[in-house]
Amino acid sequence: MPDFAYVARDMKGKSIAGTITASNQRDAAAQLGSKSLFPISITVNKGSQVKKTRGVGGAQMAGFYEQLSSLLRSGVPMIRALTVLSTQSGSSRTLRNAISEIKAKVEEGESLGDAMSRYPRIFNSMGVNMVKAGSEGGFLEDALERVGAFIEQQEEMKGKTLGALAYPVFILFVGVTVVTILLVKFVPQFDVMFAQLRTKGGLPQSTELLLAISRFVQGYWWFALGVVAVVGFALSQYVKTEKGKRTADLVKIKTPLLGSVFLNLAVSRFCRVLGTLLKNGVPLLKSLEISRQAAGNLILAEAVEQASEQISAGERLAKQLEKSGHFPQTVVEMMSIAEESNTLDNVLISISDNLEKTTFRRLEIVVRLLEPFMLLLLAGMVMFVVLALMLPIFNMSNSL
């Protein structure tokens, strides 16, 4: 049985907090009542509920939310709907096992949102809080459908981004491979001839540089790979730290050309999650806490956290976000107008749509510029190798 964290008052009105073991929330409330305690809040103790599982792909999660919404809309009871989803062959084994355990907890009387929160690597905080809000407000089917649509849209955006960058990365890989083969296999064949030319009159600086690079690659390739591996490992460990994540996120949004793309994508995620949560009845401060984590950028999350502290004191959201300097001016102005007209939830989703369209157009332009740049870089590297090899031969021909 799970542990429940509770806040209650005794007969004298004194507030008491603690934990209690019970089969469900109703049982926990009954146990508190038998102790002459009046419960104010009873929640599943997070320390006893978190399950260590692998993550599940976004496409499968979107399918889960949408299918569960469709089944509930069709009048299928919750337990039956979860049973159907837990036996689907198309889902991953991790997701099927999680759904089976969630169904068992729901049968014991636990809410769907609390049961889902046991699997933070599968069901993120946005999905869990949307489900909780939908269960309490009577719009669970709509909440599930919106979460599914949101995840599906994020997966589509991720696919577009990766697809746009695939070709430049491929060109870079081909270029490095071609130049490495030239340095290891082709250049050493000229060593004997160049040694004779060096004794007669010396070699051009470019040829000497090429030969030095070739000898280094042949003799110390293991050292170069070791340095790259050590540096890569050190950076990966550094990025896992709080300071490292913050530095990496700052570098991303300050990078020339791509910095505005990373920033706009983070702002777009923040606006969409915040708008979706507000539309489903989640309070503003709770929505800000969830959406700042969903932004995927610590710099942006810190700005939202500081804004939340001021909002609790009565300040407006748009004004506080503007002070951070990380939100585009057009976004701040639209949010300000939306707050005055009490249409913040709809305007935030509209802002996210517009930002995504603008960002992908900009990303497409950057990628189009990147492709010829990579081709020129590849051609330049090959040209350097060829010219460095041919210059001594041309000089020898001229001397003859």
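Bear in mind these aren't lab numbers, they're just calculated from the coordinates by the rules spelled out. If you're wondering where the values come from, they're calculated on a predicted model, not measured in any experiment. Neighbour counts run over all protein chains shown; Cβ positions are idealised from the backbone, glycine included.
How far, in degrees from 0 to 90, does helix 344-399 lean away from the longest principal axis of the Cα atoms of the chain, to the nearest 10?
20 degrees
Express in whole angstrom the spacing between the alpha-carbon centres of the stretch 142-180 and the stretch 355-389.
18 Å
Quick check: the angle from helix 93-107's long axis to the longest principal axis of the chain, C-alpha only, nearest 10 degrees?
Between helix and principal axis, roughly 10 degrees.
How large are Rg and Dmax for the stretch 144-260 when calculated on the C-alpha trace, in angstrom?
22.7, 80
Hey, fewest Cβ within 10 Å first, where do Met61, Met157, Met383 land in order?
Ranked by crowding around the Cβ, least crowded first: Met383, Met157, Met61.
Highest mean first, how do 310-316, 220-226 rank when packing is the count of other Cβ atoms within 10 Å averaged over residues?
So the order, starting with the most tightly packed, is 310-316, 220-226.
Would you please calculate the Kirkwood hydrodynamic radius of the stretch 203-357 over all C-alpha pairs and express it in Å, rounded to one decimal?
Values: mean 1/r = 0.0551 Å⁻¹.
Hydrodynamic radius (Kirkwood, Cα pairs) of the stretch 203-357 is 18.1 Å.
Can you check what the net charge comes to around Arg316, using other residues whose Cβ is under 14 Å from the Cβ of Arg316 (Lys, Arg +1; Asp, Glu -1)?
Computed value for this residue: -4.
Could the peptides 138-144, 363-369 be put in order, highest first, of the mean number of other beta-carbon atoms found within 10 Å of their residues?
138-144, 363-369
Return P(r) of the stretch 203-257 (all Cα-Cα pairs; 10 Å bins starting at 0; whole %; ordered from short to long distances).
Percent of Cα pairs in each bin: 21, 25, 23, 25, 6, 0.
How high is the relative contact order of the chain, in percent, with contacts defined as C-alpha pairs under 8 Å that are six or more residues apart?
On the way: 431 pairs, mean separation 54.5, N = 400.
RCO, the chain: 14 percent.
Largest first, please: the extent of the C-alpha atoms of the stretch 58-123 along each principal axis, to the nearest Å.
Rounded to whole Å, the extents work out to 28, 27, 16 Å.
Using only Cα atoms, tell me the angle between helix 191-201 and the longest principal axis of the chain; keep it within 0 to 90° and round to the nearest 10.
On a 0 to 90 degree scale, this one is about 50.
With only alpha-carbon pairs counted, each pair once and no self-pairs, how large is the Kirkwood hydrodynamic radius of the chain in angstroms?
For the chain, inverting the mean 1/r across all distinct Cα pairs yields 26.0 Å.
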